[in-house]
Structures are given as structure tokens and as C-alpha cells.
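Report on one structure; see the data block that follows.
The values are calculated or read from the model by the stated rules, or taken from the named source; none is laboratory data. Everything numeric in this text was worked out from a predicted model, so none of it was measured. Ideal geometry is used to build each Cβ from the backbone, glycine not excepted, and the neighbour counts take in all protein chains shown.
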Amino acid sequence: MENPRHWRIRKQRYALVGEVCPHCEAKIFPPRDVCPNCGGEAKTQFNFSGKGTVFSFTVMNDAPAGYEKNLPYAVALVKLEEGPIVTAQLTDLGDQPVQIGMPVEMVTRRIRDDGDEKGIIVYGYKFRPAMSSAQ
Amino acid sequence: MSGRVLKSNRPVGIIGYGAYIPRYRLPASEVSRVWEGGKGSGPVKEKAVAGLDEDVITMSIEAARNALARAQMDASLLRAVWVGSESHPYAVKPTGTVVAEAIGAGPSIEAADWEFACKAGTEALVAAISLVGSGMGDYAMAIGMDTAQGKPGDQLEYTAASGGAAYIVGPAENALAVFNGSYSYVTDTPDFWRRANQKYPEHGQRFTGEPAYFKHIVEAGKALMEELGTRAEDYRFAVFHQPNTKFPQRAGQLLGFSDEQIKTGLLAPVIGNTYAGAALVGLSAVLDVAQPGDRILVVSFGSGAGSDAFDWVVTDKIEARRNLAPRTADYIARRTEIDYATYARFRGKIDMG
Ligand SMILES: [Zn+2]
């Protein structure tokens, strides 16, 4: 039963809610209350834009329990516009190949689902190819 | 009979709106190939299909974010997040709770799921107008979204699609489109239903056209126009619930509208029937191109049955704000064709045991 853990971090997981350092302006994700840049206390909430680029990626052909439904899928290190790098699944690729440097944007999707359709559905961030006309 | 039209105590309107249509398309030719040996053509060209990791919650979150971007407001100002759908992911646990948390609304909100077949979204919109129009709250969000499914081989396989739109209702002085009134017409009509615990719906063939769809849309549209003293030519656009291409065209004709007035909001040919999302995503396509002063009639239809009719006038605030989020046409253009096998996997039609 992992529900409490999922529930506690839902804000950062649903919407890339992190922190900004009041001393040096560094943007922090995931939130950890201490600035990795200057070491100062950083508890100010910051909403990331969700825009970024693919820094590196790998295609998964095997998955941990609860994630098999989406196989095969790509997992990427995404460099956010504001600086931090996050690990996340890529989605909505269609027949587009993944490329380093590809512009992506955050979307909230189902990230795991108990196979018996009895448990809680876990939602969280993934990234998809950026929709070009969105400004 | 007077007093049929719902009017708000204070002027209200649409502050922000946002569409969402998933990426995948199932062409009618694929449904025909599998079920009719390629001989059927289907009532739409193709339909939008949600991906494996999408559902009414994820799709509502994206539409809601688009609506907030156009409203240029903080989600914490919302007093309600209401989602109308017939495909809520949970039977018990409101879709609105997850959507509200994901967009940064709450906890001081109303949040509930609305159900009335394909008019669940416009029913939520009437409620949002009432909440803001009464002065009990300044901003309320109403969403109509579905991941509709037909029984394999049923005619609904051609059209049952995924998509919808979100609307933020607020004070008229900040609105992109001002609300002039709405009228709802509801009767007990057994045209289409799904019993609890059944995966797919049933329909009473004889009831779907005349006594259900056309009767309710025409009665609702006619009554609203009579009460407001308007005629078809006063509107630049009209949007009707669209289970296929022909029904809304014919409903428009019955109410005196030309194809020109209907075509901008008629998306069924290219995305299918998005059920609770259909009339609302049609309206979002209209708002994407409407000019200040344009008048819009919207009439939804939900089986069971009922229709909600709305009258809107676009304001000059539309031009600066409509480009703050992807347009409905951007989602329609983002298109990856899939075959029937991929569709069956995406929509859980293969039982893995
Ligand atoms: Zn710092």
C-alpha cells in the first residue's frame, strides 16, 4: 500500500511544483528546501513552465509492475527551461522518433494503474513533443 | 409561458476556455474494414482516440490549463471545478478533485462530477453560470470531456470519440464572451442508456432521431430565441451537439440556420462524437476565430433526454487572449492515424485476463 507516499508528493508530481531560492534565484526540482546552488534555505514555491528539451533518453522494453501497459516507452532526462533536469516518461510520440534536443512540454498523465482495476490510479508528469503553435 | 429563460442576477461571461483533443485518429475505413468487410463508410471521416495513459481526468487537466492561460488568472480564485462526462475514471472519487489539485485550485471549492449523457458538460456550465451569476462566487470552471466507447461492431464504433473543453465563468466585465441567457428542455425519453456496471451503452434505435435529438434541440433552441427575441440571422455561429455530421446540419436547418453558420463549430466529421465534450469543443473552435460582436447560439443534447441552449456575444477581449493557449485546430492538426488493433489496445477492448 503505497498510497500515502503518492498522496504526499501529489503537487510536485501533478504539475512540476518546485521551489525558487530566495538568495540566488536558482529554480529547484524536486523540492528539497535547501538550494543545491548556494546551500541557503529555499522554501518558496515555484511553478515550472513545463517547457524543456530532451537531454538524453532510453527506450524501455521491460517495465516494473504497474507500468507494463505502456510498453515499449521512452524515458528521458528533460532539461527544463528554468535549469533543473528531471527524469520522466515521454508520451504522445505518435510515430515521431525521439531526438536529443527535441523541445518537449509537460503533461499530466496516468503513470501507473493496478492491473486489477481496483486500486488507486496514479497520475503524474510526463513530457510530449511541444505543440509548436502554443505560445 | 414567461420566465423560461435562465438569466443571471449579475452579468457573467466566459473568462477563459480551452480545448483538448488527443493525438490519435481511427479512420472510419478501419472500422468498416474490420466489421463490414470495407463496405460501410460511416457517418464521420475519422474519430479522435485517447492514448493509453489518457482518461477524462488527464484530458480535463490539459483543457483546464488552457482555459486558465486564456483567463490570465490564478487557479486559487476558482470557487468550483465541475466535470461533466459519462466516462469518469472512477465510479466513486470525483474527477474534479484530481483536476482541481493538478491545476492549483482549492481547497475552498465545490468539486463534483456531472452526469447527463452528452449534455453533462453544458449542465455543469449552467451550474457555473448560476454560481457566479448569483454572486456566491466570482469564478467557476465547467468541463465537458469524454473518452466514449461503443460496443465492438456497433455503429457507435465509427463515432464514439475522445475530447472536450473547459470553460471559466466569471464577471462579464472581464469576459471574452458575455452570457445573454440559457434555456433547458428535459423529458423522460428512452433513446440511449447504460446500466450500472455495464461497459457499453444500449440504444433504442427508433428513439435516437426524431423524438430525442431533433425534438429536444429544436425545442430548446426555439424557446431561447423566442424569449430573447432573436432570429437565426442574428447569429454569426450556431453549434449543436454532434453525434455525426448530418444530425447537427439538419437541426440547424430546422432552426433556420445556414451551413455557413454551422460549419465552424462542426467538428464531428474529423474528430467524431466526443459526447459531453461535443457542443463545448465546437464552441471552442468558434471562439478561436470569432470577432468582437459576433453572436453565438449553442445547443447541446443529452440522451435520456434533454438539451441546454445558450446565447453568447463575443467581446473585444477575445483577440488578445485567444492566442495564449493552443487552438482547437492545433489539436485537430496534431494527428497520428492508428489501425483497429492499436485502437483496441488503447481503449482496453482486449481482455488480458
Ligand atoms: Zn540559492
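See the values below:
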{"quantity": "Complete set of residues in the stretch B:54-97 that are of a type in the set (D, E, K, R) and either part of a helix (DSSP H, G or I) or free of Cβ contacts under 8 Å to residues at least 24 places away in the same chain (or both)", "calculated": "B:Glu62, B:Arg65, B:Arg70, B:Lys93"}
{"quantity": "Checking B:Ala329 against (1) at pLDDT below 95; (2) in a helix (DSSP H, G or I); (3) not charged (D, E, K, R), the condition it does not meet", "calculated": "(1)"}
{"quantity": "Residue among B:Ala69, B:Ala63 that alone is within 12 Å of another protein chain (Cβ to nearest Cβ), more than 17 Å from the chain's Cα centre (by Cα) and under 28 Å from B:Pro171 (Cα atoms)", "calculated": "B:Ala69"}
{"quantity": "Failed criterion for A:Ser56 (all others in (1) within 16 Å of the ligand (Cβ to nearest atom); (2) away from chain B (no Cβ under 13 Å) hold)", "calculated": "(1)"}
{"quantity": "Residues that are over 18 Å from B:Gly121 (Cβ atoms) and part of a loop (DSSP other than H, G, I, E, B), drawn from the stretch B:233-248", "calculated": "B:Tyr235, B:Arg236, B:Asn244, B:Thr245"}
{"quantity": "Close pairs from the stretch B:328-352: first at the interface with chain A (Cβ under 9 Å from one of its Cβ atoms), partner at pLDDT 95 or above and assigned to a loop (DSSP other than H, G, I, E, B), Cβ under 6 Å, at least 6 apart", "calculated": "B:Tyr331/B:Ile21; B:Arg334/B:Arg23; B:Thr336/B:Arg23"}
{"quantity": "Criterion violated by B:Ala279 - all others in (1) within 14 Å of another protein chain (Cβ to nearest Cβ); (2) in contact with an Asp or Glu (Cβ under 9 Å, 6 or more places away or on another chain); (3) at pLDDT 95 or above satisfied", "calculated": "(1)"}
{"quantity": "Top-ranked residue in the stretch A:59-99 [being small (Gly, Ala, Ser) and modelled with pLDDT of 95 or more; ranked as nearest to the ligand (Cβ to nearest atom)]", "calculated": "A:Gly83"}
{"quantity": "Count - residues of the stretch B:284-313 that are without any contact (Cβ under 8 Å) to a residue 24 or more places away in the chain and in contact with a Cys (Cβ under 6 Å, 6 or more places away or on another chain)", "calculated": "0"}
{"quantity": "Answer residue from the stretch A:24-44, given it is near the ligand (Cβ under 7 Å from one of its atoms) and touching a strand residue (DSSP E or B) at 6+ places or on another chain (Cβ under 8 Å) and is nearest to A:Leu80 (Cα to Cα) among those", "calculated": "A:Ala26"}
